[in-house]
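What follows is one structure encoded as structure tokens, with my remarks underneath.
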Amino acid sequence: MLEIKNLHANIGNKEILKGINLKVNAGEVHAIMGPNGGGKSTLASVLAGKEGYVVTKGEVIYNGKNLLELSPEDRAREGIFLAFQYPVEIPGVSNTNLLKTALNEIKKYRGEEELDAMEFLTLIKQRMKIVELDQTLLSRSVNEGFSGGEKKRNEIFQMAVLEPKLAILDETDSGLDIDALRIVANGVNKLKSKERATIVITHYQRLLDYIVPDVVHVLYNGKIVKSGGKELALELEEKGYDWIKDPKELIEH
Amino acid sequence: MSSTEVNQIEELANKEYKYGFVSEIDADSLPKGLNEDIIRQLSSKKNEPEFMLEWRLKAYRHWLNMQEPNWANVHYQPIDYQEISYYSAPKKKPQLNSLNEVDPQLLETYEKLGISLDEQKRLSGVAVDAVFDSVSVATTFKEKLSELGIIFCSMSEAIKNHPELIKKYLGSVVPYTDNYFASLNSAVFSDGSFAYIPKGVRCPMELSTYFRINAANTGQFERTLIVADEGSYVSYLEGCTAPMRDENQLHAAVVELVALDNAQIKYSTVQNWYPGDKNGKGGIYNFVTKRGACRGVNSKISWTQVETGSAITWKYPSCILQGDNSIGEFYSVAMTNNYQQADTGTKMIHIGKNTRSTIISKGISAGKSNNSYRGLVKVGRNAENARNFSQCDSLLIGDKCGAHTFPYLEINNSSAQVEHEATTSKIGEDQIFYLNQRGISTEDAIGMIVNGYCKEVFKELPMEFAVEAQKLLSVSLEGSVG
């Protein structure tokens, strides 16, 4: 589904990604871990097409298409969903309005029939249950006055409505207490399917107790320096990131 | 703002004014220039009674001794008042028995504007007193309204048929000595709308007038007067578009509202005069005096305006809260783009006891435009327990535009409670990217963010007008940001 080949990217003149190689198949859950400043969020932003990130080398093939040539909205319409680390507030725009517009834009792009108000309402009522979302959040302005937990839950709710092919969760666990973490993780698990791939970006192993990854990658200094099964996450938890940074350790593996 | 967005802005800015067309209808105009003789001719062309001519002449003589105001935060070349023709009427005066007899080209113009009278009649139940240039050509729903004793007609008709009401109320809120443009208007006003709602009557439909400037070099001097007698209610809609012109066109309207005991007037405007081209050439000068008097106890006047057009807007719909417990409200969205300049706001004058006022102003500046909010809250010595809440927000799109806020407070009673909040923000790239990432294009994203920002004002508009306002804002945004 997604193949990243030797991806280099800059912010300004600073190279952040220094040759990423990654292959994600449909149905898989990949965790990307690593210390702060390693390039995890940059990778998410580059995949989503955020302004200000310049790809200097390499390519990204997504379902046979050159992803880097697509506008951010077309990437979304092609099925890429980014759950933001810091979801922004949009005053006066209701959550429902945003979702209905987004869903119908995506459907239009794909040549599918748009949902009318009733169909849409039925759909969101059903999807709200996935993240135990309070109904009052629907009519409120997007993320305005939401607690940290509500914002993250809202991201996963949007994901449940838009049904992406590739979901990228950027530090979705940050700022969540253990109950909220469980609810959000359960939501992600319920949305797991054979057609959908998920990339979970996280600093801590704790989220991976709930969302069990098929593959764990360690992103350090702009490169994936280590990949392994779910036990790699536990090893990282135990030893910290320092052993990854030790070049001798790297050679051994 | 990113480079792609800037490109989009530029591309969209090049779109032509959507309503820029000129109808070819022979106009019967007075020669250019202004003097007592012109005013006499104007009055006689309109078959006005003597008292009206006298009033016009008094206003003109007063105007001659006045100075054009220069305190507003707007800049323009001096206006040559002798270069303006003060009267223009469609030559083929249609009979008003039915719409079929109205000049077909005129009807076509309405069609282009999307305000077909037939459609309005059939679908929305809105009575439209359409002002084409200076003379009313069609009035609908008159019979239904007259059953309730409601008078809704052109100002010219009102002067002829209801002189007692005109004598009593015309100039009673905005006297002919009020200000430079109001005095000019009093001297030369061509036509406008008049509404009178009798005691205890709730007007069953939104009263509406569409204005349209047509003949070149013809200043528009509309005069509107709405009187809501005791315990009555009326909602009035004003909306306008204008054809493309090279010369600047002066528009100096006066609107007066009078609310007696327990009466309520809701006045909504969607203003879309031609703003000039993308280089700032042409466009309407909109120097308007709008004022409402809450004369009776428990009376209420609400102004809601969505201002997107005009090269220059100079406009402060105000409320004089004279009756005890009376309420004044001002809800405004003012959007400027390219080289537009707007200096707009309100005045809330608290005179009676327990009077309350609310001001919600949303300014949006794009392109190289300048947008100023200017508001006065005045609490008189005897206005016990007066309360005011003001909120003035400015939204900037791009980095070449300006937003300014000039709040004035004059409080002469210590029991007053006055609150003022002001914010200035820019449309965030983060907000746009967030919506992009959900599959929404940048153009739609900006439209969505701006409409969200204006929501508090739009919800004050009557339903059908709110939809129109949102569309208008999107059209105006097309020319600015995408």
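Of note:
- Residues in the range B:283-322 that are modelled with pLDDT of 90 or more and of a type in the set (Val, Ile, Thr): B:Val288, B:Thr289, B:Val297, B:Ile301, B:Thr304, B:Ile320.
- Check on A:Gly187, under 17 Å from the mean Cα position of the chain (by Cα), at pLDDT below 90 and at positive phi: no
- Within the range B:297-319, being more than 20 Å from B:Leu237 (Cα to Cα), buried (at least 24 other Cβ atoms within 10 Å of the Cβ) and of a type in the set (Val, Ile, Thr) holds for one residue alone: B:Ile312.
- Restricted to the range B:358-446, the set of strands (runs of 3 or more DSSP E) holding at least 3 residues that are of a type in the set (A, V, I, L, M, F, W, C) and more than 14 Å from chain A (Cβ to nearest Cβ) comprises B:370-379, B:387-396, B:402-411.
- Within the range A:169-191, the set of residues being surrounded by fewer than 23 Cβ atoms within 10 Å (Cβ to Cβ), under 21 Å from A:Leu234 (Cβ atoms) and touching a strand residue (DSSP E or B) at 6+ places or on another chain (Cβ under 8 Å) comprises just one member, A:Glu171.
- For the range A:33-76, taking the residues that are assigned to a strand (DSSP E or B), modelled with pLDDT under 95 and within 15 Å of A:Ile168 (Cβ to Cβ), the one that is farthest from the other protein chains (Cβ to nearest Cβ) is identified as A:Met33.
- Among the residues of the range B:447-461, the ones that are more than 7 Å from chain A (Cβ to nearest Cβ) and basic (Lys, Arg) come to 1 in all.
- Residues within the range A:77-97 that are under 20 Å from A:Phe146 (Cβ atoms) and crowded, with 22+ Cβ neighbours inside 10 Å, tallied: 7
- If you filter the range B:38-54 down to residues that are assigned to a helix (DSSP H, G or I) and of a type in the set (D, E, K, R), you find that the one that is nearest to B:Ser156 (Cα to Cα) is B:Lys45.
- Of all the residues in the range A:136-151, those that are within 23 Å of A:Ile168 (Cα to Cα) and within 14 Å of chain B (Cβ to nearest Cβ) number 5.
- For A:Val88: the one exception among (1) in a strand (DSSP E or B); (2) closer than 28 Å to A:Asn189 by Cβ; (3) within 14 Å of chain B (Cβ to nearest Cβ): (1)
- Just one of the listed residues (B:Ile446, B:Ile411, B:Ile432) is of a type in the set (A, V, I, L, M, F, W, C), at pLDDT 90 or above and under 28 Å from A:Ile80 (Cα atoms), namely B:Ile432.
- Any hit, the range B:199-215, residues being surrounded by 24 or more Cβ atoms within 10 Å (Cβ to Cβ), under 19 Å from B:Lys300 (Cα atoms) and modelled with pLDDT of 95 or more: no
- Residue in the range A:111-132 that is more than 14 Å from chain B (Cβ to nearest Cβ), touching a Gly at 6+ places or on another chain (Cβ under 9 Å) and surrounded by 16 or more Cβ atoms within 10 Å (Cβ to Cβ) present: yes
- If you filter the range B:157-172 down to residues that are in contact with a strand residue (DSSP E or B) (Cβ under 7 Å, 6 or more places away or on another chain) and crowded, with 22+ Cβ neighbours inside 10 Å, you find that the one that is nearest to B:Ile301 (Cα to Cα) is B:Leu170.
- Lone unmet requirement of (1) in contact with a strand residue (DSSP E or B) (Cβ under 9 Å, 6 or more places away or on another chain); (2) farther than 18 Å from B:Gln437 by Cα; (3) surrounded by 17 or more Cβ atoms within 10 Å (Cβ to Cβ) for A:Val60: (2)
- Options A:Val161, A:Val216; residue that is within 22 Å of A:Gln126 (Cα to Cα) and either crowded, with 23+ Cβ neighbours inside 10 Å or modelled with pLDDT of 90 or more (or both): A:Val161
- Of the residues making up the range A:36-72, those that are among the polar types (S, T, N, Q) and more than 17 Å from A:Ala83 (Cα to Cα) number 5.
The values are calculated or read from the model by the stated rules, or taken from the named source; none is laboratory data. If you're wondering where the values come from, they're calculated on a predicted model, not measured in any experiment. Please note: Cβ atoms are built from the backbone with ideal geometry, for glycine as well, and neighbour counts cover all protein chains shown.
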